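The values are calculated or read from the model by the stated rules, or taken from the named source; none is laboratory data. Everything quoted here is computed from the prediction, not taken from an experiment. Methodologically, a virtual Cβ is constructed for each residue, glycine included, from the backbone with ideal geometry; neighbour enumeration extends over all protein chains shown. Ligands, DNA and RNA are stripped out before the accessible areas are found, and what is left, the full protein with its side chains, is counted by its heavy atoms. Shrake-Rupley method; radii C 1.70, N 1.55, O 1.52, S 1.80 Å.
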Amino acid sequence: MSDFEYHLELFSIEQEVPPPPDIKGKIEASLREMGAVRRVSRSGGAHNKGLPPEYLSIETSSSKVVHKNWKTLCIVFFIVAKIFLGFLIYYYIEYRLAQKQIQVLEERLDKAEGNER
């Protein structure tokens, strides 16, 4: 442990402030009001799963973080973006070839005009 970490730990121990004594009751009361959080029974029922009674069992309706429609929309957007990128590269190459052809034709035109004089 570095000297800084040691002094930081000493400082935090010296400056610690204990929580108010009634805070545990307020937290438990707010947890009882929540519908999704259910207190694990102290009797050790089947839903206890071997956890100590201090833990809370939280039930959720879905384990998916991203909605299915958003996932599909992102995949479609990705595919369309790649198609547009392909068109962009194709037309850029065609543009460069057309510029070279124009330059060659202008040089031929200049040579033809020079020969006529």
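Observations on the structure shown:
- Subset tally (residues that are at pLDDT 95 or above and open to solvent by 100 Å² or more (accessible area, probe 1.4 Å)) for region 68-102: 13
- Top-ranked residue in region 1-47 [being among the hydroxyl-bearing types (Ser, Thr, Tyr) and modelled with pLDDT under 85; ranked as surrounded by the fewest Cβ atoms within 10 Å (Cβ to Cβ)]: Ser43
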